[in-house]
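S.K.: Have a look at this one.
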Amino acid sequence: MNKKALLGLTLVIMFSLSTFLGQAQETEIQTAFSINLLSPNTSAARNQWSLLMEQQLPKIGIGVAFHESTGWGNIGPRTWDYPLLDYDYIPTYEQGGYDLFFVGWSWGLDFDPTGLYDTASMIPNGDNHYQYSNPLYDTKLDQYLTELDDDTREGYAHELQAMLYEDLPAICLVYPRSLFGFKEGLVGIDGLLIASSNHRAEYWDDPDDHIIKYGIPADLKEPNIFVVSSFYDMQWMQTVYGSLYKREQVTAEWTEQIALNSTISAIIDDKINMTVFLDPDAKFSNGNPVLPSDVEYSYELVLTPAVGSQDYSYLNKWLASNDSISIVGPDVAGGQLLFELTGVYNFAKSLLTYGIIEKTVVAANIAANGYDIFAEVPLTGDVGDDLVTSCGPFVMEAFDPALSVMKLVPNTFYLDPVLLDELYLTFISGKDSAVASLLAGEIDIMDAQYFPVLSDFENVAGVEGVLIKDPAHQELGVNMKHPILGTGELTPAGTADAAKGIRKAISHAVPRQTIVDEILEGLGAPGVVPCPDSVVGFNTDLDFYAYDLDLAIDYIEAAGYIVEVEVPTVGGIAGLVFLSFLGLAAIAGFKKYKK
């Protein structure tokens, strides 16, 4: 082949390759729209995952214009305390409201979403700052709140959660977990119940010595069940005070304690009544039988303002006055009581869980010393043991208020056998001291509120860290009036379904397992729906939205946005330049050869 022909062929090949390489493309994520984030700065963990989401959202085409991490004083006026002046609804962040809001909620053990997601509870009437309105949800909630059959009510709970899972007015991020330290070998402890002050210590045992010492991080300072608000005082009161009903082990449903059984009437004039039959064998720790008049009087004390009960308002909502509780028939062991409610309450049995004391003893003491006895330290002064004599499984034998150490022993008259010989609650200051006490065998239970981490118990013989579900959840609340995130009117598609797709995209962009593993250090679980996975009636058929950025982008683009665009790669341009230089070099070489 002659040199001229070779040169031509070389140039054709070089420039062809350079053109081909120069056209190489890569995918780039462009911003479809931008929003603002709002988060309270009161939790270190939440601060971290809110910053993580600030980084995640741009990966699916959602820009973050501003992230306000601030105190509750600035958050309230943008959410549930929005003044409704310039707008009759909560507007976007730029207009004084919010777009997306990081927040956490604490619950009881029952699934009770009242006031959160129903239309009637939109601010200022309730806590529905999401401004979520779904007539199907509202109807189902009404059914749920008035359903008295447990199985039917649980089915309604599952349906409500399925609606929230689909509509996503709140994107559940994680479920926190509590970490207790236990001596190995303890039996009968229901973690969820101990973490919520609903435990049944009559079932606890340490087979080694039948003694359990429970370390707590706060002083014991509240003297009786009528004035309690402290979680830790409730831990001993739960064992001393008997009530008609208690939470059942494992299921956390309500079950009889000193009640034999109960019935709920049909709904008449939007009200219900409960008839309760006492167990004829129920006795106080002094051996006296529990009578209907004792129960009636105990409730009257809660409903007496002079006593100062924290439960007055709640109980008064359903029991209008002391006349709402009456004795049916003779006042004898095994007698009956009638509770007349002001309305229909689907958790009616929760009203039967108040501590019971002996009327003849306490009434006489009040007559002699007045209501001041409710502020006296138990086993001292005028009150003595009158307000801590009840019908629960344990009796307060000794209490040192200076050291906050309490000794409890079995109530020999309790209806069922108590396995422990002694139960102690003892104050220990600080996590390090509590861990050391647990490792040394000085305590058998280390409370979760010391905030230990899993590594505190790893590779340590004789102790174990026990993860327990918390009745709480952390979420990313959505402003359902937002024109892109909520109504969808400003999306290219212009539909509510487009907005729902965007909310699903955001949920798929949440790296829940990463949050659990790296931020919570294992003390959590991926969030599914905006209610705790510990509540009675949780829908276990639902699974959390998987972390999937490709699927998230698909949802954004289904709303009419263009997120993924093709752009020339740096490598393609470099190849074009490089091969062009090769072509020029070939020409130069050919000319040189000709000379």
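S.K.: Of all residues in the range 30-46, how many are within 21 Å of SER507 (Cα to Cα) and either assigned to a loop (DSSP other than H, G, I, E, B) or not assigned by TED's automatic domain parsing to the domain that holds ASN128 (or both)?
M.R.: Total satisfying the criteria: 3.
S.K.: Quickly run through the range 118-147 and pick out the residues that are touching a helix residue (DSSP H, G or I) at 6+ places or on another chain (Cβ under 7 Å), buried (at least 16 other Cβ atoms within 10 Å of the Cβ) and hydrophobic (A, V, I, L, M, F, W, C).
M.R.: Listed by number, the list holds a single entry, LEU141.
S.K.: Among the numbered conditions (1) among the aromatic types (Phe, Trp, Tyr); (2) surrounded by fewer than 19 Cβ atoms within 10 Å (Cβ to Cβ); (3) out of contact with any helix residue (DSSP H, G or I) (no Cβ under 7 Å at 6 or more places or on another chain), tell me where PHE457 comes up short.
M.R.: Against the list (1) among the aromatic types (Phe, Trp, Tyr); (2) surrounded by fewer than 19 Cβ atoms within 10 Å (Cβ to Cβ); (3) out of contact with any helix residue (DSSP H, G or I) (no Cβ under 7 Å at 6 or more places or on another chain), PHE457 comes up short only on (2).
S.K.: Go through (1) assigned by TED's automatic domain parsing to the domain that holds PRO223; (2) surrounded by 15 or more Cβ atoms within 10 Å (Cβ to Cβ) one by one and return the number of the condition ASP416 breaks.
M.R.: Unmet condition: (2).
S.K.: Looking at the range 164-193 only, could you name the residues that are in contact with a helix residue (DSSP H, G or I) (Cβ under 6 Å, 6 or more places away or on another chain) and either at pLDDT below 95 or over 28 Å from ARG46 (Cα atoms) (or both)?
M.R.: Once the filter is applied, which keeps residues that are in contact with a helix residue (DSSP H, G or I) (Cβ under 6 Å, 6 or more places away or on another chain) and either at pLDDT below 95 or over 28 Å from ARG46 (Cα atoms) (or both), the range 164-193 yields only GLY188.
Matching residues to (1) touching a strand residue (DSSP E or B) at 6+ places or on another chain (Cβ under 6 Å); (2) more than 17 Å from TYR165 (Cβ to Cβ); (3) of a type in the set (Gly, Ala, Ser):
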{"residue": "ASP497", "(1), (2), (3)": "no, no, no"}
{"residue": "ILE519", "(1), (2), (3)": "no, yes, no"}
{"residue": "VAL529", "(1), (2), (3)": "yes, no, no"}
{"residue": "TYR547", "(1), (2), (3)": "no, no, no"}
{"residue": "GLU557", "(1), (2), (3)": "no, yes, no"}
{"residue": "GLU564", "(1), (2), (3)": "yes, yes, no"}
{"residue": "THR569", "(1), (2), (3)": "yes, yes, no"}
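S.K.: Follow-up question, since we're still on this one. Mind counting the residues in the range 352-396 that are assigned to a loop (DSSP other than H, G, I, E, B) and either surrounded by fewer than 14 Cβ atoms within 10 Å (Cβ to Cβ) or on the phi < 0 side of the Ramachandran plot (or both)?
M.R.: Total satisfying the criteria: 18.
S.K.: Considering only residues that are not in a loop (DSSP other than H, G, I, E, B) and not acidic (Asp, Glu), look in the range 397-410 and name the one that is nearest to SER293 (Cα to Cα).
M.R.: The residue in question is PRO410.
S.K.: Here's a follow-up. Do we have ALA320 as under 23 Å from ILE225 (Cα atoms), under 35 Å from the mean Cα position of the chain (by Cα) and assigned to a loop (DSSP other than H, G, I, E, B) here?
M.R.: For ALA320, the condition - under 23 Å from ILE225 (Cα atoms), under 35 Å from the mean Cα position of the chain (by Cα) and assigned to a loop (DSSP other than H, G, I, E, B) - is met.
S.K.: Just to be sure I understand, how many residues within the range 135-168 are assigned to a helix (DSSP H, G or I) and over 18 Å from ALA120 (Cβ atoms)?
M.R.: The total comes to 13.
S.K.: Same structure, new question: Would you check if TYR89 is in contact with a Phe, Trp or Tyr (Cβ under 6 Å, 6 or more places away or on another chain), at pLDDT 95 or above and hydroxyl-bearing (Ser, Thr, Tyr)?
M.R.: Considered against the rule, which asks whether it is in contact with a Phe, Trp or Tyr (Cβ under 6 Å, 6 or more places away or on another chain), at pLDDT 95 or above and hydroxyl-bearing (Ser, Thr, Tyr), TYR89 comes out as no.
S.K.: While we're looking at this one, here's another question. Looking only at the range 153-178, count how many residues are touching a Phe, Trp or Tyr at 6+ places or on another chain (Cβ under 8 Å) and on the phi > 0 side of the Ramachandran plot.
M.R.: Here the count works out to 0.
S.K.: Something else about it: So in the range 66-94, with the set limited to residues that are assigned to a loop (DSSP other than H, G, I, E, B) and among the aliphatic types (A, V, I, L, M), which one is surrounded by the most Cβ atoms within 10 Å (Cβ to Cβ)?
M.R.: ILE90
S.K.: When CYS531 is evaluated against the numbered criteria (1) surrounded by fewer than 21 Cβ atoms within 10 Å (Cβ to Cβ); (2) at pLDDT 95 or above, which criterion, by number, is the only one it fails?
M.R.: (1)
S.K.: Kindly establish whether GLY115 is of a type outside the set (A, V, I, L, M), in contact with a Leu (Cβ under 8 Å, 6 or more places away or on another chain) and without any contact (Cβ under 8 Å) to a residue 40 or more places away in the chain.
M.R.: Judged against the criteria, GLY115 is not a match.
S.K.: Okay, moving on. All but one of (1) aromatic (Phe, Trp, Tyr); (2) without any contact (Cβ under 8 Å) to a residue 12 or more places away in the chain; (3) outside any loop (DSSP other than H, G, I, E, B) hold for TRP49; which doesn't?
M.R.: The single condition TRP49 does not satisfy is (2).
S.K.: If you check GLY537 against the conditions, is it in the same structural domain as ASP167 (by TED's automatic domain parsing) and surrounded by 19 or more Cβ atoms within 10 Å (Cβ to Cβ)?
M.R.: yes
S.K.: Need pairs with beta-carbon distance below 7 Å; first residue in a loop (DSSP other than H, G, I, E, B) and within the range 184-195, second hydroxyl-bearing (Ser, Thr, Tyr); sequence gap 6+ or separate chains.
M.R.: Close Cβ pairs satisfying both conditions: GLY188/TYR203.
S.K.: Still on this model: Which residues, counting only those in the range 401-424, are closer than 16 Å to PRO378 by Cα and touching a helix residue (DSSP H, G or I) at 6+ places or on another chain (Cβ under 8 Å)?
M.R.: Across the range 401-424, the qualifying residues are MET406, LEU408.
S.K.: Kindly establish whether LEU57 is modelled with pLDDT under 95 and either of a type in the set (A, V, I, L, M) or touching a Ser or Thr at 6+ places or on another chain (Cβ under 6 Å) (or both).
M.R.: No.
S.K.: Quick check on this structure: which one of ARG512, ARG503 is under 30 Å from SER196 (Cα atoms) and either within 43 Å of the chain's Cα centre (by Cα) or at pLDDT below 85 (or both)?
M.R.: The unique qualifying residue is ARG512.
S.K.: Let me confirm something: among THR263, THR255, which residue is without any contact (Cβ under 8 Å) to a residue 40 or more places away in the chain, of a type in the set (Val, Ile, Thr), touching a strand residue (DSSP E or B) at 6+ places or on another chain (Cβ under 6 Å) and surrounded by fewer than 15 Cβ atoms within 10 Å (Cβ to Cβ)?
M.R.: Of THR263, THR255, the one residue that is without any contact (Cβ under 8 Å) to a residue 40 or more places away in the chain, of a type in the set (Val, Ile, Thr), touching a strand residue (DSSP E or B) at 6+ places or on another chain (Cβ under 6 Å) and surrounded by fewer than 15 Cβ atoms within 10 Å (Cβ to Cβ) is THR263.
The values are calculated or read from the model by the stated rules, or taken from the named source; none is laboratory data. Values in this document were obtained by computation on a predicted structure and should not be read as measured data. Every residue, glycine as well, gets a Cβ built from its backbone with ideal geometry; the counts of neighbours run over all protein chains shown.
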